[in-house]
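Taking it in order: structure first as structure tokens, then the write-up.
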Amino acid sequence: MEEIVEKNKCTGCTACMNICPKHAISMVEDEEGFKHPVIDQDKCINCGLCKKTCPVLNTSNNKSLNKCYVAYNKDKESTLNKASSGNIFELIAKNVLNANGIVIGAAFDKDNKLNHIAIDNIKDLDKLKGSKYLQSNLDNMFTYIKDNINDKKILFVGTPCQVAGLKAYLKKDYDNLFTIDLVCHGVPSPKLFAKYIKELEIENNDKVINYNFRDKVSGWDTYSNTITFKNKRITELHSNNKYMKLFLSDIALRECCYNCNFKIGNKYSDITLGDFWGVKKYYPDMYNKTGVSAIIINTEKGNYIFNSIKDNTIYKECKLEEIVSGNPSLKISGKYPNNRNNFFKDLDIYDINKLSKKYIKKASLYKKVLGKGKRIIKKILKK
Ligand SMILES: Cc1cc2nc3c(=O)[nH]c(=O)nc-3n(C[C@H](O)[C@H](O)[C@H](O)COP(=O)(O)OP(=O)(O)OC[C@H]3O[C@@H](n4cnc5c(N)ncnc54)[C@H](O)[C@@H]3O)c2cc1C
Ligand code: SF4
Ligand code: SF4
Ligand code: SF4
């Protein structure tokens, strides 16, 4: 067997690699910087388990309860610190950790590479908090979850395709497993982020030790990127930041993100979390400058999770359409840019400045929503 699923459909979820009984599959980075499964033909026994497991080949149109809330964490200080939206993730994570459980989410390592890691202590929670806008590396995390799920409660947070991959790999539901996925319009290339960081380090002659994509120093809906170096810190509105502009222009997403299988109607998580961008329009009394979350409850377990944290939130029930109107990526994928292939050819040649001049042209759906932030900031500056 040479290919499990067509390359442009593979999400890199690692379910096939984790399930292979002969350890014949490795996840190998392609020229765009995304990891894909590669089969060692000498080890493969053609059992077909990888194909039977792949969530792209075996989608099941999962029904969701679609019970929706607009909400935010009552602890505003903690919400300002690193959380992207209304800090709902932290409340759920703390419940699991307080029950001696394990929380698994995306964290940067010391070289600014993004990996899913497991934590069992509240003091490590800050590592997971906050959205990181690039694809995270899962490695053998699904096998780790299977090895521990009978003994401990586990909360797994990831993109919808990562949660689908985990469920496909596990093949059955476990009472101890809780899953959250994020409203997701796509993941950009880790190679692009690594190049951006390297250029920043050269330009500033300093090492980047922390990157915050959603600093609320300029507000939640007008957020900034803050780059912490060993000796200084730079804060820039996301609408002026070259990496964010490339991300939001949709030029550098993984190929499968332009035709995503894991939108509303095919959800595998218990709860979906996102930003409630339409809050001022639909629930002005719920607007909170430290961040407002959109919560979609997909399963009864999700209901149970929300009920266990809701007293620590300010919340209101809302309609799915109200969430979707500010987050169209819940239903539709971004358009495949005609010049995407050229972009990835140029990635090896041009610097980030040149790439952004050449490729940042028109706004994506996500950018149109977030673009409102730029106009608000301009108004503030004029005052
Ligand atoms: C790549 C990406 C794209 C997104 N696109 C949208 C969007 O279009 N619209 C929208 O409303 N919301 C989007 N979100 C979700 C949103 O930014 C918040 O993550 C979400 O609302 C949860 O916020 P919070 O304050 O409750 O928790 P936070 O403290 O922000 O927690 C975020 C959780 O997400 C996990 N996480 C962070 N980065 C990644 C990653 N790269 N891969 C997998 N897991 C990760 C963290 O481990 C943590 O558990 C996106 C998130 C990501 C990572
Ligand atoms: S067919 Fe079986 S042995 Fe071969 S790569 Fe797939 S899971 Fe592994
Ligand atoms: S299981 Fe996941 S990583 Fe493997 S081929 Fe399918 S989508 Fe790709
Ligand atoms: S858009 Fe779809 S395929 Fe792409 S990372 Fe998000 S969930 Fe996965």
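FYI, it's all coordinate maths here, none of it is from the lab. What you see is a predicted model; the values in this text were computed from it and never measured. When we count neighbours, we look across all protein chains shown, and the Cβ atoms used for this are built from the backbone with ideal geometry, even at glycine.
Please work out whether segment 38-80 counts as rounded, prolate or oblate from its C-alpha gyration tensor, where a ≥ b ≥ c are the square roots of the eigenvalues and a/c under 1.5 means rounded, while otherwise a/b larger than b/c means prolate and anything else oblate?
Numbers: a/c = 7.57, a/b = 2.27, b/c = 3.34.
Because a/c hits 1.5 or more and a/b fails to exceed b/c, segment 38-80 counts as oblate.
What longest range of the chain stays clear of loop-exposed GluC sites (Glu not before Pro) (DSSP non-H/G/I/E/B, at most 12 other C-beta within 10 angstrom)? It would help to have the intermediate numbers written out before the result.
Working: sites that count: E2, E3, E6, E31.
Result, exposed sites excluded: 32-383.
Considering only DSSP beta bridges with both partners in the chain, what is the antiparallel share in %, to the nearest 5?
Values: 38 of 50 bridges.
Expressed as a percentage, antiparallel bridges in the chain total about 75.
About the Cα centre of segment 73-208, how large is the charge dipole given +1 on each Lys and Arg Cβ and -1 on each Asp and Glu Cβ? Please answer in debye to the nearest 20. Working shown, then result.
Working: 20 positive and 18 negative charges, 42 e Å.
The dipole of segment 73-208 has a size of about 200 debye.
Hey, with R₀ at 45 Å, roughly what FRET efficiency would N259 and N231 work out to, going by the Cβ-Cβ distance, to 0.05?
Details: r = 44 Å, r/R0 = 0.98.
Taking R0 as 45 Å, the efficiency between N259 and N231 is 0.55.
About the Cα centre of segment 85-138, what is the dipole size in debye to 20, counting +1 per Lys and Arg Cβ and -1 per Asp and Glu Cβ, all else neutral?
On the way: 7 positive and 6 negative charges, 16 e Å.
Using only the charged Cβ atoms, the result is roughly 80 debye.
Kirkwood hydrodynamic radius, the chain, all distinct C-alpha pairs: what's the number in Å? Present the calculation step by step, with values, prior to reporting the outcome.
Working: mean 1/r = 0.0468 Å⁻¹.
The Cα-based Kirkwood calculation yields 21.3 Å.
Cα atoms only, segment 227-310: Rg and Dmax in Å?
Spelled out, the Cα radius of gyration and Dmax of segment 227-310 are 17.5, 48 Å.
Could you work out how far apart the two model spin labels at I332 and K51 are, taking each label as a point 7 Å from the Cα in the direction of the beta carbon, and quote it in nm?
In this crude spin-label approximation the distance works out to 3.5 nm.
Quickly work out the Y350-to-D147 label distance, labels modelled 7 Å from Cα along the C-beta direction, and quote it in nm with one decimal.
4.4 nm
Only Lys, Arg, Asp and Glu count, each charged at its Cβ (+1, +1, -1, -1), so figure out the dipole size of segment 178-251 about its Cα centre, rounded to 20 debye. Mind dumping the intermediate values first?
Numbers: 11 positive and 9 negative charges, 48 e Å.
The calculation lands at about 220 debye.
Of K281/K331; K216/K319; K82/K289; K167/K335; K207/K354, which pairs sit farther than 25 Å apart, going by alpha carbon to alpha carbon? Could you put the intermediate results ahead of the total?
Values: K281/K331 20 Å; K216/K319 27 Å; K82/K289 14 Å; K167/K335 28 Å; K207/K354 23 Å.
As for pairs spanning more than 25 Å Cα to Cα, those are K216/K319; K167/K335.
Students often get this wrong, so check it: of K67/K127; K52/K94; K7/K198; K127/K172; K129/K242, which have C-alpha atoms separated by over 25 Å? The partial results should precede the final answer.
Values: K67/K127 29 Å; K52/K94 35 Å; K7/K198 28 Å; K127/K172 29 Å; K129/K242 23 Å.
Where the Cα-Cα span goes over 25 Å, the pairs concerned are K67/K127; K52/K94; K7/K198; K127/K172.
Taking the Cα centre of the chain as the origin and placing charges on Cβ (Lys, Arg +1; Asp, Glu -1), which of N58, V70, L347 is farthest toward the positive end of the dipole?
Most positive-ward Cα: V70.
Nearest 500 deg cm²/dmol is fine: what mean residue ellipticity at 222 nm does the chain get from its DSSP H runs of n ≥ 4 alone, each adding -39,500 (n - 2.57), divided by its residue count?
Working: 16 runs with 124 residues, N = 383.
Roughly -8500 deg cm²/dmol at 222 nm, from the helical runs in the chain.
³J(HN,Hα) across segment 333-339 via Karplus (A = 6.51, B = -1.76, C = 1.60, θ = phi - 60°), whole Hz, x for Gly/Pro?
Rounded to whole hertz, the list is 8, x, 7, 5, x, 4, 9.
Mind checking the full-extension length gain between E317 and N303? Use 0.36 nm per residue of separation minus the Cα-Cα distance, one decimal, nm.
Values: separation 14, 0.36 × 14 = 5.04 nm, distance 1.25 nm.
Full extension of this stretch gives 3.8 nm more.
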